[in-house]
Amino acid sequence: MGFFDFFTEEIAIDLGTANTLIIHQDKVVVDSPSIVARDILTNKIIAAGKEAAMMQGKTHENIKTIRPLKDGVIADFDASEKMISMFIKDIPALKKKLFTPALRMVICIPSGITEVEMRAVRESAERVNGKEVYLIHEPMAAAIGIGVDIMQPKGNMIVDIGGGTTEIAVIALGGIVCDKSVKIAGDVFTNDIIYYMRTQHNLYVGERTAEKIKIQIGSATEDLEIPPEEMNVQGRDLLTGKPKQVQISYREMAKALDKSILRIEDAVMETLSQTPPELAADIYNTGIYLAGGGSMLRGLDKRLSQKTDLPVYIAEDPLRAVVRGTGITLKNIPRYRSVLIK
Ligand SMILES: Nc1ncnc2c1ncn2[C@@H]1O[C@H](COP(=O)(O)OP(=O)(O)OP(=O)(O)O)[C@@H](O)[C@H]1O
Ligand SMILES: [Mg+2]
């Protein structure tokens, strides 16, 4: 351990559209929604993460909640930098320090990100005292987090369904052989539900309610083996303007989500069709691995399996697969040098 190392702390960050996670000393120390609240009068960020999420949809004109990332890319650089900085300052072990330690960090980025955006992420990281900053592509981090040995001369297919994007990649020999990123993921599912409730039930529901519906009774198919119970949903009646409640079933949600899931299926099929034959042969044996929060949608694994005729496995704790993988690379930087972008 060098003198420099003594003052250096290591962190791994999964900067996601929906959730930001940070690993420090092998533990997930931050797991928060990627949301900030800004005071319009002072232009200051007044809250980040869970606290800001509670304000979502309930603000008045002087406070605005912002999701700095959209569709898998950074939409508001200033807000995202403040958010990262607030999260890092909140890490308990770092809070106790007298001065801000230098950081060695690995940050996971969407594979569709541009050079300019990549530079911006890096500069943000440097401004929060990142002295040694590495970036890693999301599907690669997901694969490592799932436990796939990415260095093998063997093809593996990863589908990471997050909030903003679904990233599909075939990985072999430590590289991404072919990939596809579509902007259909959890956020679009939520919007599908809002649209469905409005058009089929004349009920106006907010984003938070729609997300609750998705998690409680959302489904990718109309014939689930273990169907969830019907759900009561409250919102505003679009005709009368009065608050109203309706009861909905998972079958309705399957209808609401069908179009979006079809697009994910198509993207998976397209990626499979571009996979070199030797790797396709591997995938025939290994199947498809799912990660990301969206992969927990009921029946999605089964539906993808039927479509592709391949076994489909959901990662253990899919919301944390990416940050886990990012954390593993942080601990073995020399081993993963070829997949890290310096
Ligand atoms: N049980 C569940 N069923 C369906 N969707 C879920 C479930 N739990 C979480 N989600 C959804 O998963 C999404 C968040 O997943 P995740 O944290 O992997 O995204 P992210 O990494 O922030 O986004 P991205 O990778 O696109 O930048 C949200 O849209 C959330 O609503
Ligand atoms: Mg993600």
Handout entry: strands (runs of 3 or more DSSP E) fully within the stretch 1-100 counting 3 or more residues that are touching a strand residue (DSSP E or B) at 6+ places or on another chain (Cβ under 7 Å) and away from ligand 1 (no atom under 15 Å from the Cβ)
Key = 8-15, 36-39, 44-48, 63-66
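Residues checked against (1) assigned to a loop (DSSP other than H, G, I, E, B); (2) within 28 Å of K259 (Cβ to Cβ); (3) within 16 Å of ligand 2 (Cβ to nearest atom):
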{"position": "I107", "(1), (2), (3)": "no, no, yes"}
{"position": "S111", "(1), (2), (3)": "yes, yes, yes"}
{"position": "V116", "(1), (2), (3)": "no, no, no"}
{"position": "S124", "(1), (2), (3)": "no, no, no"}
{"position": "V188", "(1), (2), (3)": "no, yes, yes"}
Practice task
Restrict the check to the stretch 154-166 and report whether at least one residue is part of a strand (DSSP E or B) and more than 24 Å from V182 (Cα to Cα).
Solution key: no
Problem - Sole residue being away from ligand 2 (no atom under 16 Å from the Cβ) and on the phi > 0 side of the Ramachandran plot, chosen from G292, G299 - result: G299
Practice task
Name every residue in the stretch 50-74 that is touching a helix residue (DSSP H, G or I) at 6+ places or on another chain (Cβ under 7 Å) and away from ligand 2 (no atom under 16 Å from the Cβ), in order of residue number.
Solution key: Q56, G57, I63, T65, I66
Problem - Unmet criterion (only one of (1) farther than 30 Å from E138 by Cβ; (2) surrounded by fewer than 16 Cβ atoms within 10 Å (Cβ to Cβ); (3) not aromatic (F, W, Y)) for H201 - result: (2)
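Each reported figure results from applying straightforward, stated rules to the coordinates on display, with no laboratory input. It should be emphasised that the depicted structure is a prediction, and the values quoted were computed from it without experimental measurement. Cβ atoms come from the backbone with ideal geometry, glycine included; neighbour counts cover every protein chain shown.
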